[in-house]
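Notes to accompany the following structure.
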């Protein structure tokens with residue numbers, strides 16, 4: 001890794017370095033987010049649970065989950081049309097099946113069973129040997145007790161690779177749309193500032209997202225995960241955000257929104273996102289006497305405006321301030337997807353390795369975060385040197 005390198009302006013090539021940098025920073029945040037699941041009041045399943053919890057880590061968790069996976073979908077979608085145009089439909093789908101499908105199979109059948117078994121032994125009072133657990137509980141092949149009529153839910157799941165699974169389905173949906181619509185190539189030049197979404201359009205999206213999310217959450221609350229039909233994982237509570245931002249990402253590249261968004265407008269929406277985050281904190285911790293019946297409405301509204309503000313604002317901020325690159329940042333950008341794939345086993349291993357430390361949840365959270373981020377990128381970097389692995393990672 002070079003100690004210093006000459007910056008390269010974004011205009012020198014077709015690559016949008018600001019989006020590469022934003023993708024890397026989001027990967028850092030995802031790793032820290034998952035570390036936090038072991039130490040805070042964050043909700044959801046995690047293979048390690050620290051006995052002492054840090055209450056306010058839940059707020060950081062809420063802010064992150066309000067926007068960063070949606071922004072990941074937006075950035076990922078931004079590169080989908082160009083990939084389809086270069087490769088054509090058949091090669092595009094084959095590439096996605098290899099790049100997304102192979103990690104899904106390996107993680108679900110070989111890596112995640114070990115993490116689930118650790119949780120089974122440590123937190124669910126499990127006593128079965130691993131192979132028996134794998135067959136009977138993880139794969140759900142245990143015989144039903146006499147007279148038992150309901151389904152036996154196995155432990156098998158994709159874990160954090162639900163994101164990769166969604167990308168696979170969304171990419172397939174995009175390819176189907178291109179085939180059916182006979183749409184021409186969509187990867188065009190940057191447009192003028194007049195082509196960027198205006199304040200009313202962004203406001204309309206935030207309001208529409210709020211309404212759609214509220215409707216979904218009347219039936220599916222946050223952290224209510226579904227597996228349909230025993231294979232496709234998803235959290236319906238955030239599905240309106242994820243799906244809409246993926247669709248908008250494919251539109252953004254065609255219309256040059258990233259290049260065309262006026263600086264003042266983009267940064268104005270970043271402030272909207274920050275205010276929404278503050279409002280969500282006030283509601284979440286009951287620091288303002290809102291009526292109990294309005295709590296869910298206000299928190300969901302804050303979340304959706306935070307998402308809209310941060311997606312527009314962070315893309316603009318990174319374009320304005322970080323649209324250069326260096327060999328080091330290029331390496332991080334290349335290794336980011338692999339780091340996302342491999343980070344969870346690294347995080348869980350470090351959490352168990354530091355569990356006996358005489359320290360509270362905050363020092364442990366910081367230590368494991370600062371160790372997990374470089375280790376995840378290093379593992380990704382050296383895995384990519386194995387012949388054939390680079391095509392996936």
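The values are calculated or read from the model by the stated rules, or taken from the named source; none is laboratory data. From a predicted model like this one, the values you see are computed outputs, not experimental measurements. Cβ placement follows ideal geometry from the backbone for every residue including glycine, while neighbour counts extend to all protein chains displayed.
Computed quantities for the displayed model
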read-out	value
Only listed residue being modelled with pLDDT of 85 or more and over 30 Å from residue 137 (Cβ atoms), chosen from 189, 221, 240	240
Hey, residue 117 crowded, with 19+ Cβ neighbours inside 10 Å and over 30 Å from residue 221 (Cα atoms) or not	no
Residue identified as at pLDDT 95 or above and either over 29 Å from residue 79 (Cα atoms) or touching a strand residue (DSSP E or B) at 6+ places or on another chain (Cβ under 8 Å) (or both) among 278, 371, 287	371
Residue 375 being within 28 Å of residue 123 (Cα to Cα), without any contact (Cβ under 8 Å) to a residue 24 or more places away in the chain and surrounded by 15 or more Cβ atoms within 10 Å (Cβ to Cβ)	no
Selection status of residue 71, more than 20 Å from residue 390 (Cα to Cα) and assigned to a helix (DSSP H, G or I)	yes
When residues of the range 85-100 are limited to those that are in contact (Cβ under 8 Å) with a residue 40 or more places away in the chain, within 21 Å of residue 334 (Cβ to Cβ) and surrounded by 15 or more Cβ atoms within 10 Å (Cβ to Cβ), the one farthest from the chain's Cα centre (by Cα)	92
Criterion violated by residue 290 - all others in (1) more than 25 Å from residue 216 (Cα to Cα); (2) in contact with a helix residue (DSSP H, G or I) (Cβ under 7 Å, 6 or more places away or on another chain); (3) free of Cβ contacts under 8 Å to residues at least 12 places away in the same chain satisfied	(1)
